[in-house]
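To keep things clear, I will list the structure first and then write my remarks on it.
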Amino acid sequence: MGGLPTVMRPLFRGSVFLLVVVLSACSQAPGVLATATPQLRLPTLTTEPSQAVSLEATDSPTPEIVPPTPSATIPTVEPTATLTETTIPLPSLIAPTPDETALPLPTAGSDAIQILTPGPLSKVVSPIQLRIYVIPGYDHKATIELYGEDGRLLVREIVFLPYGATWSYYYLEIPFEVGAAGELGRLTISTEDQYGRTVASNSVHLLLMSDGNEEINPPGNLKERCALNFPTAGSVATGGRLTVAGSMRPFNALPTVLELITQDKAVISTRLVTVNPAPDDSYVPFSTDIPYSVSVATPALLVVTEQDDRISGQMYLFSQEVLLKP
């Protein structure tokens, strides 16, 4: 302050004193304290919320996230497995129940297709409760057909039989409708080979009723209706002639039809034989020669067929594989 005039020195000292007093007063003013207080407490406010958030984050995931995951997964997996099981192509296939253990079992010489129930001329209402033994055809299939008395097809079902080298038991309920109070019908079961040729067929006549009480008859004789002595399976024919000898239990007196059918289903020879049924349904012998003409060795199916004398169509079929040579 050496440069100030002597007159201004008191004034400068008074200004400095006044500035100190004002700053001291401002440091104790309420407005300044209110502004500074939050800044001083910020560390406290920051710490408390972080602790609260930490506690909630630890407890929340357990009830809200973890439990829903298994509850959403289990219902999705279990119904899928159930639906897969119900799509197996054997919905009607069942094993014999204890009440069915009295059913006759197939033996040597039994029919390839045995209709256990209903028996011939049984009175049935819908649905027919069909029980059969069948030697499965190609791909373990069998065809079940129900015809009305005028030959119209009422029902056709293709069923898949269990795997096996011999007879398979099968149960099926067959619903049907008839216009009148009742009519004659024919139930036919057949099988095919890998070339689409029918290799076995058997039928039973039934009385189809729209309502009323059923009367189920026994099956009767379940032996194969055609028993060949020759040819046997795999026999070889030469010289343009196949000798056929055996016996039959025909359903009726219509001529029995013998055919030779190739793998492409071409009929290369046909022969008619008259075999009249015996009164006691016993076997009636027959024999015949079937001429044929082939240029090379040809596998063929010898088919023995009997037609229905009441309803148009086939009543019975038996077959045997043979080899035809020039």
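The values are calculated or read from the model by the stated rules, or taken from the named source; none is laboratory data. Nothing here was measured: the structure is a model prediction, and the numbers come from that model. In this analysis, Cβ positions are derived from the backbone assuming ideal geometry, glycine residues included, and neighbour counts consider all displayed protein chains.
Things worth noting here:
- Residue in the range 175-187 that is under 21 Å from the mean Cα position of the chain (by Cα), surrounded by fewer than 21 Cβ atoms within 10 Å (Cβ to Cβ), of a type in the set (A, V, I, L, M) and not in a loop (DSSP other than H, G, I, E, B) present: no
- Whichever residue in the range 262-302 is touching a residue at least 60 places away in the same chain (Cβ under 8 Å) and on the phi < 0 side of the Ramachandran plot and, among such residues, is surrounded by the fewest Cβ atoms within 10 Å (Cβ to Cβ): ASP264
- Flag for ARG186 being without any contact (Cβ under 8 Å) to a residue 24 or more places away in the chain, in the same structural domain as ASN213 (by TED's automatic domain parsing) and not β-branched (Val, Ile, Thr): no
- Listed by position, the strands (runs of 3 or more DSSP E) enclosed by the range 205-323 that each have at least 2 residues that are within 37 Å of the chain's Cα centre (by Cα) are 226-230, 256-262, 298-307.
- Residue in the range 163-173 that is closer than 24 Å to ASP309 by Cα and part of a strand (DSSP E or B) present: no
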